[in-house]
Amino acid sequence: MRALTYQGPFKVRVENKPDPRLEHPQDVILKVTRTAICGSDLHLLHGLVPDTRVGHTFGHEFTGVVEELGSEVSQLHKGDRVVVPFNISCGTCFYCQRGLTASCENSNPSSDVACGVYGYSHTTGGYDGGQAEYVRVPFADVGPLKIPDGMEDEEALFLGDILPTGYMGAEMGEIKGGETVVVFGAGPVGLFAMRSAWLMGAGRVIAVDCVQYRLDFAERYAKVETVNFREVDDIVLYLKELFEGRGPDVCIDAVGMEAEGSLGQRVLGLGLKLEAGAPTVLTWCIDVVRKGGNVSIVGVYGPPWNLMPIGTAMNKGLTLRMNQCNVRRYMPHLLQHIREGRIDAKGIITHRFPLEEAPKAYHLFAQKQDGCVKCVLTPGHA
Amino acid sequence: MPDRPIPDAAVDLEPSSRPGVPMERTPQPMPGARVPIRVQHSDVRVFKHKGRAGFPPVFGTAQPPHGVSGLLRKVAYGYPDHLARHWMILLLADRVDVWEHRLARVGPWAVPTVGVLALTGLAWRKWSRA
């Protein structure tokens, strides 16, 4: 089959590799119909995630058609169209039983920091991802959600990661009605966090980024106010001032480890690798949010550590909430929101490429060129 | 604040309507889950970090370890994942892996090319002395 493969930092290509096969009775093989490039794929591309091996196929957001079934699969049938959560979750372990599917203990031998994830290095289990013609899907009766008849794959595609992640980001902000919410990062997850904040009854939502076209997109798509942090002297003081000197009630970090805004953090984290990326936005969140406020982290950070002001968080009495998204529990609810027109998930797609042009798509997305917000790839057979 | 910034704003105002509230549910198997989970067989080497008690029943088998990078990964997984050395050795192994693949890719034409150039050089020196 044709698949995107990692060749080393900043380099991917599409090449032939063996088709995936059933390796467990609860597996299915999916014929991929749509697959997206996620912002967190860029951390892999840039060589920031340990144990990313040459030849690894990225891709944890995909839809597909069931092609082959393991002997114990009973809920899916050949030909079913499904969207797949990025977490590989057994449904029966201590964590899955409590709804914490992102912490499943039955899918990742390599690390305790996360469960198995498609196409996200051997640190998350060593599973090839969906930026390919075919992909192996373990625990197929537990994770995948059938796409309703009449619904396009692209409308459901983002139920696998960024839509639930954005929603969970707002949810962890514990909005009760009327709160002021600042979302750092106007990328796809940030956009969905903004929409979700409105759905939860936020009183005012502000997007912060340094890429002007993304802020313009956020204004149109999520109906939020925007701030370009490069156009103000000090983003922390600016935002505090905006909220009567106290700061907002909730800050959401939808950026993660490759944040702009601090040369020192970028040199330490991205250049010298003395910390796991640049936690600039996390630092801003803690400094900006009002005392007693909530900081919600859905931007991805890696092991082993980061320099961040935990003393400030402690002294301000903040609630810090964070997690990889427990995707499966959000899928039915958000599918309903899409079907009833509350969230136009497909509306964030700005670019579509054939799988063969995936390296070009990665470059465009990483460099934030041509107004790119979200890239979707289509395998040749789809 | 706009009155209705988006359609159905505040439709999820009630926390109990949100799928992630409460964060931890009363324990129960998820729909479709099957027990016991049979243990996956693998013909390739898969590492487990030292801090983990047992091997999970399901795992990925993509890109088995190989060469010097594989040896480094084996050393890294000999440490539990709360130790920085586990991660630092893995990052080193990743860079070695890239160079191994580059050498493997250029080897088939680079080795003969260097050989031919060396022989040509030797022949040229011998001919020019004659």
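Rule-based calculations on the coordinates, nothing more; no lab input. Note that the structure is a prediction, hence the values are computed from the model and not measured. We place every Cβ from the backbone using ideal geometry, glycine too, and count neighbours over all the protein chains shown.
5 Å is the cut-off here: which amide hydrogens, built 1.01 Å from N in the peptide plane, fall below it relative to residue A:95, excluding neighbours closer than 5 in sequence?
Answer set, sorted by chain and number: A:105.
Give the separation of the Cα centroids, the range A:84-102 to the range A:198-213, in Å.
Measuring centre to centre over Cα atoms gives 30 Å.
In whole Å, what are the Cα extents of the range B:47-97 along the three principal axes, biggest one first?
On the principal axes, the range B:47-97 reaches 29, 25, 12 Å in Cα extent.
How long are the three semi-axes of the equivalent ellipsoid of chain B, in whole Å, if each is the root of 5 times an eigenvalue of the C-alpha gyration tensor, listed from largest down?
56, 26, 16
Which net charge results when you count Lys and Arg as +1 and Asp and Glu as -1 among the other residues whose beta-carbon is under 12 Å from that of residue A:266?
Summing Lys and Arg as +1 and Asp and Glu as -1 gives -2.
Can you tell me the alpha carbon radius of gyration of the range A:58-172 divided by the globular rule-of-thumb value 2.2 N^0.38 Å?
Here the answer is 1.03, to two decimals.
Per 5 Å bin from zero, what fraction in whole % of the C-alpha pairs of the range A:68-127 is there, up to the bin with the longest pair?
4, 20, 22, 21, 20, 12, 2
Find the centroid of the Cα atoms in the range A:46-69 and in the range A:278-328, then give the distance between the two in whole Å.
Cα centroid of the range A:46-69 versus Cα centroid of the range A:278-328: 28 Å apart.
How high is the relative contact order of chain A, given as a whole-number percent (alpha carbon pairs under 8 Å, six or more residues apart)?
Relative contact order here is 17 percent.
Apply the Kirkwood formula to the range A:167-322: the hydrodynamic radius equals the inverse of the mean of 1/r over all pairs of different alpha-carbon atoms; give it in Å with one decimal.
The answer is 15.2 Å.
Could you list the residues of the range A:56-77 with an amide nitrogen less than 20 Å from a label point located 7 Å from the Cα of residue A:21 in the Cα-to-C-beta direction?
A:56-57, A:67-73
Residues of B:88-100, mean number of Cβ from any other protein chain within 10 Å of their own Cβ, rounded to a whole number?
Other-chain Cβ atoms within 10 Å of each residue's Cβ, averaged: 5.
At 222 nm, what helix-only mean residue ellipticity would chain B give, in deg cm²/dmol to the nearest 500, using -39500 (n - 2.57) for each DSSP H run of four or more?
Dividing the helical sum by the residues of chain B leaves -16000 deg cm²/dmol.
Compute a Gaussian network model of chain B, connecting alpha carbons closer than 10 Å, and tell me which residue from B:44, B:106, B:98 fluctuates the most.
Greatest mean-square fluctuation among the candidates belongs to B:106.
When ranked by the protection proxy of mean other Cβ atoms within 10 Å per residue, highest first, what sequence do the peptides A:43-53, A:75-85 form?
Ranked by mean Cβ neighbours within 10 Å, highest first: A:43-53, A:75-85.
Compute for chain A: radius of gyration divided by Kirkwood radius, i.e. Rg/Rh, restricted to C-alpha atoms, rounded to two decimals.
So for chain A, dividing Rg by the Kirkwood Rh gives 0.95.
Measuring from label point to label point, each 7 Å out along Cα→Cβ, what is the residue B:110 to residue A:307 span in nm?
Taking the two extended label points, one gets 3.7 nm.
Just going by the charge dipole of chain A, with Lys and Arg at +1 and Asp and Glu at -1 on Cβ, which of A:359, A:137, A:187 is farthest out on the positive end?
Value computed over the given set: A:187.
So what is the relative contact order for the range A:65-132, in percent, with contacts set as C-alpha pairs under 8 Å and at least six apart?
Value for the range A:65-132: 19 percent.
For the range A:20-111, compute Rh as the Kirkwood radius over C-alpha pairs and then the Stokes-Einstein diffusion coefficient at 20 °C and 1.002 mPa s; write the answer in µm²/s, rounded to an integer.
Reported coefficient: 143 µm²/s.
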